[in-house]
1. Under a crude label model (7 Å from the Cα following the beta-carbon direction), how far is Ser109 from Glu283 in nanometres?
2. Can you list which of the trypsin sites (Lys or Arg not before Pro) found in segment 122-225 are DSSP loop residues with at most 13 other C-beta atoms within 10 Å?
3. With axes computed from alpha carbons, what is the tilt in degrees of helix 342-360 against the longest principal axis of the chain, rounded to the nearest 10 within 0 to 90?
4. Dipole size in debye (nearest 20) for segment 141-295 around its Cα centre, Lys and Arg Cβ +1, Asp and Glu Cβ -1?
5. Against the longest alpha carbon principal axis of the chain, how many degrees, from 0 to 90 and to the nearest 10, is the axis of helix 36-47 turned?
6. For helix 159-169, report the angle its Cα long axis makes with the longest principal axis of the Cα atoms of the chain; keep it between 0 and 90° and round to the nearest 10°.
7. What whole number of Å gives the distance from the Cα centroid of segment 150-177 to the Cα centroid of segment 224-294?
8. Please give the FRET efficiency for Leu312 paired with Ala222, using the beta carbon to beta carbon distance and R0 = 35 Å, rounded to the nearest 0.05.
Amino acid sequence: MAGDVLETGQRISQKGEMGVNRNVTDQTVLVVGGGPAGLSAALELAQSGIRVWLLEKSETLGGHAVRFTCKAAPECVRCGACMVESRIQQVQSNPLIEPMIGSIIQKVSRTDRYQIDVSQNGQRMTRDVDAVILATGFKPFDPSQKPYGYGRFPNVMTNLDLEDMLRQTGKVIRPSDKRIPETMAFIQCVGSRDVTLNHLWCSRVCCASALRMARRIQHIQAGIDVTFFYIDVQTFGKNFEQVFPDIKRRIRQIRAIPGDIAKTADDRLRIGFFDPTERKYREDIFDLAVLSVGMTPSADYISLKEMFPISLNRFGFISDQQNQGNGPGIFPAGSALQPMGIAESIASGSRAAAQVMDWLSV
């Protein structure tokens with residue numbers, strides 16, 4: 001770990017950013033998860049002189065959010081994508097933060113501190129930490145179990161697939177033939193607000209992300225017609241009232257969730273839905289369909305519950321430390337608590353760091 005080994009209770013002065021001296025404590029905090037919340041928590045702690053052991057099971061920092069592309073159209077719409085990249089750079093350059101990618105917690109024990117046994121690339125190591133922040137993110141819903149042809153029809157993709165495409169190529173194309181689509185459909189609430197799945201929660205960020213994405217696409221590829229299928233449009237951002245009228249002019253909105261998608265003989269997509277205006281079932285043809293998949297509890301929560309003294313709420317997310325169930329020195333953050341967007345996850349990570357510092361009396 002970066003820095004000198006300290007005796008208990010000792011503090012040293014170390015040059016921080018902008019050349020400002022800061023006191024470095026002998027305390028170490030484990031942050032599990034390198035997404036927006038984990039990055040934010042690690043930076044807040046390090047800026048207060050606390051050493052951070054940042055564990056991420058994937059091979060990159062940033063979580064799912066690192067896949068997101070800028071959605072300026074052309075003005076900034078505060079999507080948060082650039083905030084993640086900035087925090088990754090800050091974490092990697094901070095001497096008090098030790099990021100460990102590709103790492104998995106094997107065992108946890110506790111006396112006066114938490115003893116964490118971790119494996120990374122076949123190597124095992126054990127560290128003692130004074131507190132733990134669980135910023136373990138979420139699992140995107142797998143839409144292959146829905147009747148939309150995901151995984152069978154190449155021109156049906158998820159919102160994350162579309163983020164990857166725009167980030168890598170800067171434009172939207174049909175995967176099947178590389179043509180620019182003339183018509184696109186965004187289908188909301190795929191895997192959330194679904195009684196049949198017992199996924200009763202709203203994923204909160206899908207409406208904003210899809211509508212911003214649609215505006216971005218129309219800005220860079222004029223002429224693409226977009227239809228937005230939804231249950232309710234969740235408001236987003238301080239500029240919602242200014243942006244939404246423009247969205248309504250540009251994007252066709254239908255308050256209905258399609259029942260299914262079928263592939264046509266000419267490699268297009270037939271989407272069936274109940275039209276609330278005409279009050280009848282109809283089918284429209286599209287070149288590309290984008291499924292806004294819900295945010296579901298990570299499978300990691302179950303294994304974490306076996307190692308850490310935490311409890312899960314009725315939806316399977318980690319209960320809030322301030323409410324009930326979690327052991328001393330354990331602080332969940334970000335979408336480990338509930339579905340959150342980037343900005344809210346960053347704020348949640350900062351809040352968890354403040355709770356840790358209060359716990360440690362820093």
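1. Distance between the two pseudo-spin positions: 6.4 nm.
2. Here the sparse-neighbourhood loop sites are Arg152, Lys171, Lys178, Arg179.
3. The helix 342-360 is inclined about 20 degrees to the chain.
4. Around 320 debye, computed over segment 141-295.
5. For 36-47 against the chain, the angle is about 30 degrees.
6. 90 degrees
7. Taking the Cα centre of each part, segment 224-294 and segment 150-177 sit 17 Å apart.
8. Computed FRET efficiency for Leu312 and Ala222 comes out at 0.15.
Quick note: the coordinates plus some simple rules give every number you see, no bench work behind them. Predicted model, so just to flag it, every value in this text is computed and none were measured. Cβ sites come from the backbone with ideal geometry, for glycine too, and all protein chains shown count toward neighbours.
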